[in-house]
Structure formats: structure tokens, C-alpha cells
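Colleague: Just passing along the structure, written as C-alpha cells.
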Amino acid sequence: MFTTAMPESNDSVSVDMEKIYLGGKEHHIRTGCGTVSVIVYGDPDKPALITYPDLALNYMSCFQGLFFCPEAASLLLHNFCIYHISPPGHELGAAAICVKDPVPSAEDLADQIIEVLNYFGLGAVMCMGVTAGAYILTLFAMKYRERVLGLILVSPLCKAPSWTEWFYNKVMSNLLYFYGMCGLLKECLLQRYFSKEVRGNVEVAESEIVQACRKLLDERKRTNVLRFLEAINQRLDISDGLKRLKCRTLIFVGDSSPFHSEALYMTSKLDRRYSALVEVQACGSMVTEEQPHAMLIPMEYFFMGYGLYRPTQFSDSPRSPLSPSCISPELLSPESMGLKLKPIKTRVSLQV
């Protein structure tokens with residue numbers, strides 16, 4: 001059953017869909033550059049964590065692996081109320097956006113986030129984004145510094161597209177325009193997201209996470225994905241502003257990600273007092289889906305700098321990779337982040 005709420009302060013419309021979203025509520029919020037869908041999970045009295053996915057994805061296809069990981073769910077939902085923001089037209093069941101509507105720029109999408117925060121009455125928030133979503137959230141943090149507590153960025157972007165990326169994106173744009181979400185386009189996107197280890201080959205079947213992502217891509221409308229792709233392909237270089245970011249930043253990147261070098265470059269441009277890099281071996285761009293367990297230890301120590309901890313009932317879980325024996329000594333030196341996170345490598349397999 002759908003209910004509609006009209007706040008007095010603006011024209012935004014909230015549509016609750018608890019039964020569909022397993023306890024979460026979907027809100028459709030009218031903003032200056034179109035309607036945006038936000039799925040809310042958890043206690044709204046807790047600090048807010050907002051997420052923003054990569055191109056052609058939404059929270060189901062970009063963050064489900066992380067939030068379905070029991071230890072990550074306990075850490076995140078114990079400390080935060082989660083606000084999953086979808087790029088316009090990327091939510092489940094989204095209709096095609098009218099072709100006559102103006103195409104928002106990356107900056108417009110960043111400005112859209114402040115309208116979402118104001119709609120929910122949120123102050124400063126924690127942010128988590130993947131690739132294109134990481135760029136949008138970084139831009140948001142640069143424009144609205146007082147509204148960001150920290151950044152967790154997965155395979156992020158900060159430079160304008162290289163000629164190679166620009167050309168690759170143009171190929172995807174043409175495929176979208178003429179053929180929609182065709183098989184070739186899906187292969188291009190899956191190469192963007194995942195390492196070859198999980199994509200499979202003629203001898204090895206692709207993994208379940210890739211199969212699930214492939215099915216979810218079928219639901220995307222060509223015009224909606226094309227609009228987000230155009231915004232990202234016209235993005236500006238924001239490297240010069242990174243040093244002025246004073247919020248703590250934790251970066252994850254798979255060493256098989258096509259954006260690996262970009263993540264290393266971005267780390268070099270951030271203030272080292274407030275940033276850390278974690279490289280994940282044998283992993284593509286979407287660490288949140290391919291190797292979510294690799295994010296647990298760094299995230300837990302990152303949150304300790306804010307006085308946030310895991311609930312005690314998970315401390316001795318035999319499945320948890322967060323036991324002291326698994327923690328690198330380099331993580332234990334106190335610094336401005338509450339601890340020191342140096343670039344480390346994490347392995348695919350963890351002791352259980």
C-alpha cells in the first residue's frame with residue numbers, strides 16, 4: 001500500500017514502500033533537476049550515511065553485497081540510518097525520463113544531494129560512493145563541506161575522463177542510443193564493475209554476483225542510463241580542490257579495477273593526515289559486491305575515529321574477520337583519524 005506525504009516546507013513527495021524493500025522505505029523527492037529516489041533503512045534518530053552507486057546501478061546492484069554481509073550490516077546499521085540515493089531514473093521500476101527534460105550535469109547531481117538532506121532534515125552525513133557515485137559525493141563534499149562528516153570512496157574518480165575513457169563512454173552511449181541495454185553493452189559495464197576472476201570465461205562460469213547484476217541491468221531504461229553517462233563523461237577535473245577537503249576519507253580500490261590508477265592519483269592529492277587507501281587484490285571496481293569482507297577492518301577502524309563501534313554481540317563471532325589477529329599493526333598507530341590507515345593489501349580469502 002502506498003502512502004503520500006507532502007511536507008509543508010517544499011513540494012517533495014514521499015512514497016513509502018515497506019513491503020517491497022524489506023523494511024526500507026522509498027521516498028520520491030522532487031528537486032530542482034528532477035525527481036530522485038531514496039531508500040531509507042534504520043533508525044532516523046541515528047547519524048545518517050548516504051550512498052550513491054556507479055553508472056547504471058542502484059543500491060540493490062551496488063551495495064547489497066556489503067549490507068547483506070552480517071558483520072558489515074551490524075557495524076553500519078548499529079551506528080547509522082542508511083539513505084540509499086539512486087541517480088535519476090536508476091531506481092527499481094523506474095519509468096523512462098522524458099527526452100525533453102534537461103540532462104543534469106555532475107554538479108547538478110551533487111546539488112541534488114543537498115536537497116535530499118534538507119528534505120529529511122539531516123545535518124552532516126557520512127558518505128559512501130562507488131566510481132561515478134564516488135565522484136558525485138566528492139564534488140558534494142567540496143561544495144558543502146559543513147554537511148559531510150567523512151567519505152568512503154570505492155574506486156573513485158577525480159580527473160576529467162582520459163581520451164581512452166571518453167572514447168569508451170562514447171561507444172557505450174552509442175550502444176545505448178541505438179540498441180538499449182543490449183548484450184554487448186552489458187559486457188562493457190560488467191568489465192567496468194568486476195574482475196575477470198568473477199566474470200568467468202569459456203571454462204569457468206561467471207559468479208552469482210555477476211549473474212545477478214546482469215539481470216538487474218535488464219531493468220534499466222536506456223534514456224535514464226544515457227543521461228547519467230553523459231553527465232559523468234563531461235565531468236570536470238576536481239583534483240585541485242582535494243587538498244582543501246578536511247573530512248576524513250577512506251578509499252578502497254580493487255587492483256583489477258580499470259580505475260585503479262585514478263584511485264592512487266586521487267589518494268596522492270588528498271591531505272595525508274585525513275585520508276587512507278586500501279587496495280584489494282584480485283578485485284574489480286565494485287569492492288562492495290565482489291569482496292565486501294575486505295572493507296570491514298578498515299571501516300571499523302575508520303569509524304573508531306568518530307567514536308563508533310560494532311555492537312558487542314558480534315565481537316566474538318567465529319565468522320568475523322575483525323579479530324585482533326587479522327589486524328595489521330600499521331592500523332593501530334593513533335593519528336588525526338583516530339588511527340593510522342596506510343595503504344594495505346587485502347587477500348581474497350579470509351580465515352573463518
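The values are calculated or read from the model by the stated rules, or taken from the named source; none is laboratory data. Since we're looking at a predicted model, the values are computed, not measured. Here the Cβ positions follow ideal geometry from the backbone for every residue, glycine too, while neighbour counts run over all protein chains shown. Calculation scope for accessible area: heavy atoms of the full protein, side chains included, ligands and nucleic acids excluded. Shrake-Rupley method; radii C 1.70, N 1.55, O 1.52, S 1.80 Å.
Colleague: Quick check: anything in the range 221-237 open to solvent by 90 Å² or more (accessible area, probe 1.4 Å), under 30 Å from Val148 (Cα atoms) and either modelled with pLDDT under 95 or not small (Gly, Ala, Ser) (or both)?
Modeller: Filtering the range 221-237 down to residues open to solvent by 90 Å² or more (accessible area, probe 1.4 Å) leaves 222, 234, 236.
If we keep only those that are under 30 Å from Val148 (Cα atoms) too, we end up with 234, 236.
Then drop every residue that is not either modelled with pLDDT under 95 or not small (Gly, Ala, Ser) (or both), which leaves 234, 236.
Yes - at least one qualifying residue is present in the range 221-237.
Colleague: Then there's this: Which residue pairs have Cβ atoms closer than 6 Å, lie 6 or more positions apart in sequence or on different chains, and pair a first residue in the range 140-167 that is within 30 Å of Glu300 (Cβ to Cβ) with a second residue that is hydrophobic (A, V, I, L, M, F, W, C) and open to solvent by 30 Å² or more (accessible area, probe 1.4 Å)?
Modeller: Qualifying pairs under 6 Å: Arg147/Ala124; Leu149/Ala124.
A quick yes/no check of all residues on (1) farther than 17 Å from Gly284 by Cα; (2) loosely packed, with under 15 Cβ neighbours inside 10 Å; (3) touching a strand residue (DSSP E or B) at 6+ places or on another chain (Cβ under 9 Å):
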| site | (1), (2), (3) |
| --- | --- |
| Trp166 | yes, yes, no |
| Ser173 | yes, no, no |
| Phe178 | yes, yes, no |
| Glu187 | no, yes, no |
| Arg192 | no, no, no |
| Lys196 | no, yes, no |
| Arg199 | no, no, no |
| Val202 | yes, yes, no |
| Glu208 | no, yes, no |
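Colleague: Select from the range 147-160 the residues that are among the aliphatic types (A, V, I, L, M) and within 18 Å of Phe80 (Cα to Cα) and write down the one among them that is most open to solvent (accessible area, probe 1.4 Å).
Modeller: Kept after step one, since they are among the aliphatic types (A, V, I, L, M), are these residues of the range 147-160: 148-149, 151-154, 157, 160.
Add one more test, that the residue is within 18 Å of Phe80 (Cα to Cα), and what stays is 148-149, 151-153.
Numbers: Val148: 13, Leu149: 69, Leu151: 1, Ile152: 0, Leu153: 0 Å².
Result: Leu149.
Colleague: Of the residues Ser333, Ser320, Ser325, Ser315, which single one is polar (S, T, N, Q), more than 20 Å from Gly129 (Cα to Cα), modelled with pLDDT under 95 and surrounded by 13 or more Cβ atoms within 10 Å (Cβ to Cβ)? Don't jump to the end; show me each part of the working.
Modeller: Values: Ser333 fails: surrounded by 13 or more Cβ atoms within 10 Å (Cβ to Cβ); Ser325 fails: surrounded by 13 or more Cβ atoms within 10 Å (Cβ to Cβ); Ser315 fails: surrounded by 13 or more Cβ atoms within 10 Å (Cβ to Cβ).
Going through Ser333, Ser320, Ser325, Ser315 in turn, the sole match is Ser320.
Colleague: Next question. Mind checking which residues of the range 178-214 are of a type in the set (A, V, I, L, M) and farther than 17 Å from Asp255 by Cα?
Modeller: Our first condition is that a residue be of a type in the set (A, V, I, L, M); within the range 178-214, this holds for 181, 184-185, 189-190, 198, 202, 204-205, 209-210, 212.
Once the filter is applied, which keeps residues that are of a type in the set (A, V, I, L, M) and farther than 17 Å from Asp255 by Cα, the range 178-214 yields Met181, Leu184, Leu185, Leu189, Val202, Val204, Ala205, Ile209, Val210, Ala212.
Colleague: Also, I was wondering about something else. Within the range 184-197, track down each residue that is assigned to a helix (DSSP H, G or I) and modelled with pLDDT of 95 or more.
Modeller: Quick first cut of the range 184-197, residues assigned to a helix (DSSP H, G or I) only: 184-193, 196-197.
Within the range 184-197, Leu184, Leu185, Lys186, Glu187, Cys188, Leu189, Leu190, Gln191, Arg192, Tyr193 meet the criteria.
Colleague: Here is a follow-up. Looking only at the range 130-146, count every residue that is closer than 19 Å to Asp271 by Cβ and either out of contact with any Ser or Thr (no Cβ under 8 Å at 6 or more places or on another chain) or open to solvent by 40 Å² or more (accessible area, probe 1.4 Å) (or both) and tell me the total. Full working, then the answer.
Modeller: First, the residues of the range 130-146 that are closer than 19 Å to Asp271 by Cβ: 134-135, 137-146.
Then drop every residue that is not either out of contact with any Ser or Thr (no Cβ under 8 Å at 6 or more places or on another chain) or open to solvent by 40 Å² or more (accessible area, probe 1.4 Å) (or both), which leaves 135, 137-146.
The qualifying residues number 11.
Colleague: Another question, then. Given the options Ala124, Ala56, Ala110, Ala72, name the one that is surrounded by fewer than 21 Cβ atoms within 10 Å (Cβ to Cβ) and hydrophobic (A, V, I, L, M, F, W, C).
Modeller: Values: Ala56 fails: surrounded by fewer than 21 Cβ atoms within 10 Å (Cβ to Cβ); Ala110 fails: surrounded by fewer than 21 Cβ atoms within 10 Å (Cβ to Cβ); Ala72 fails: surrounded by fewer than 21 Cβ atoms within 10 Å (Cβ to Cβ).
Result of the check over Ala124, Ala56, Ala110, Ala72: Ala124.
Colleague: Within the range 256-274, how many residues turn out to be open to solvent by 60 Å² or more (accessible area, probe 1.4 Å) and either of a type outside the set (Gly, Ala, Ser) or part of a loop (DSSP other than H, G, I, E, B) (or both)?
Modeller: Residues that pass the stated criteria total 6.
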